[in-house]
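The values are calculated or read from the model by the stated rules, or taken from the named source; none is laboratory data. Note that the structure is predicted; figures quoted are calculated from it, not measured. Backbone-built Cβ (ideal geometry, glycine too); neighbour counts: all protein chains shown. The protein model used for the area step is the full one, side chains on, heavy atoms only, and it has no ligands, DNA or RNA in it. Shrake-Rupley method; radii C 1.70, N 1.55, O 1.52, S 1.80 Å.
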Amino acid sequence: VKALEIKDLKKVYAGGVEALCGIELTVEEGDFYALLGPNGAGKSTTIGIITSLVNKTSGKVNVFGYDLDTDLTRLKQQIGLVPQEFNFNPFEKVQQIVVNQAGYYGVSRKEALIRSEKYLRQSGLWEKRDVRARMLSGGMKRRLMIARALMHEPRLLILDEPTAGVDIELRREMWQFLKELNANGTTIILTTHYLEEAEMLCRHIGIIQSGNLIEDTSMKSLLAKL
Ligand code: ADP
Ligand code: ADP
């Protein structure tokens with residue numbers, strides 16, 4: 001079964017903007033896939049539809065065999081989303097934030113506490129578990145967003161511009177972290193407008209422009225062409 005299968009996906013926003021003009025996209029389980037493209041290309045819209053934050057106009061979306069139209073609850077269980085903006089409560093404590101998240105997915109409190117230690121350690125945040133989120137550095141806040149997205153143990157992690165506006169030092173640290181996650185079996189899709197980031201991390205790349213997927217290839221063969 002494919003991690004993600006998108007067929008003829010179209011999105012016309014209210015007002016008439018044609019954001020997606022019939023995207024076809026397949027991501028294999030275990031892959032690390034970059035969706036690359038300039039601002040306004042349709043990356044966020046694509047991710048928004050997969051995560052059911054945006055309604056599609058037409059087309060098919062399947063995540064690990066679950067259809068967006070008929071199996072939304074189970075589809076959502078498969079996905080961890082790391083949005084671009086920090087959207088946790090800055091006055092809550094780090095561990096509280098991730099434990100509460102697990103609750104939304106029906107994970108028991110006992111299990112949530114066990115997982116919180118696992119994912120906060122993995123994110124280098126265990127020592128900060130009792131600190132209020134607003135006290136964390138920018139890099140730690142990003143890692144908190146990822147740890148939180150992992151609490152229901154999704155098979156697919158989607159990150160929207162994970163290193164936008166992040167300095168190069170921190171970007172490298174994030175890359176290492178994401179590589180390890182992928183090596184441990186999580187399928188990852190990220191959007192980026194840094195080719196370098198896609199090159200460093202990803203095995204496959206899709207290039208999206210004006211709502212069309214104009215390239216969908218392995219990183220190897222793309223680099224051979226350049
Ligand atoms: P949907 O079709 O998914 O329900 P909408 O078309 O209703 O989404 O748009 C949601 C809101 O975002 C609207 O209030 C819209 O005005 C606003 N919006 C309009 N243009 C943009 C844009 N380029 N980027 C982000 N938001 C926009
Ligand atoms: P990207 O993530 O690649 O920057 P987006 O998916 O945000 O691209 O945007 C694709 C197109 O859809 C752009 O023309 C954008 O202005 C438009 N758009 C995005 N969100 C909305 C919205 N809520 N309402 C209307 N138009 C939107």
request  = Filter segment 197-206 down to residues that are among the charged types (D, E, K, R) and touching a residue at least 40 places away in the same chain (Cβ under 8 Å) and give me whichever is least open to solvent (accessible area, probe 1.4 Å).
outcome  = Glu197
query = If you take the residues of segment 37-82 that are of a type in the set (Gly, Ala, Ser) and under 18 Å from Tyr105 (Cα atoms), which of them is farthest from ligand 1 (Cβ to nearest atom)?
reply = Gly80
query = Just checking, which of Gly80, Gly42, Gly103 is surrounded by fewer than 21 Cβ atoms within 10 Å (Cβ to Cβ), of a type in the set (Gly, Ala, Ser) and either more than 27 Å from Ile205 (Cβ to Cβ) or modelled with pLDDT of 95 or more (or both)?
reply = Gly103
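Listed here are the residues, each with its yes/no results for (1) of a type in the set (A, V, I, L, M); (2) out of contact with any Asp or Glu (no Cβ under 8 Å at 6 or more places or on another chain); (3) under 24 Å from Ala41 (Cα atoms); (4) exposed (fewer than 14 other Cβ atoms within 10 Å of the Cβ).
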| position | (1), (2), (3), (4) |
| --- | --- |
| Ala112 | yes, yes, no, no |
| Trp126 | no, no, no, no |
| Met135 | yes, yes, no, yes |
| Leu157 | yes, yes, yes, no |
| Leu170 | yes, yes, no, no |
| Ile188 | yes, no, yes, no |
| Leu195 | yes, yes, yes, no |
inquiry  = When you check Gly22 against the structure, is it at positive phi and more than 16 Å from ligand 2 (Cβ to nearest atom), yes or no?
reply    = no
task = Provide a single number: the residues in segment 68-115 that are farther than 19 Å from Arg132 by Cβ and assigned to a loop (DSSP other than H, G, I, E, B).
result = 11
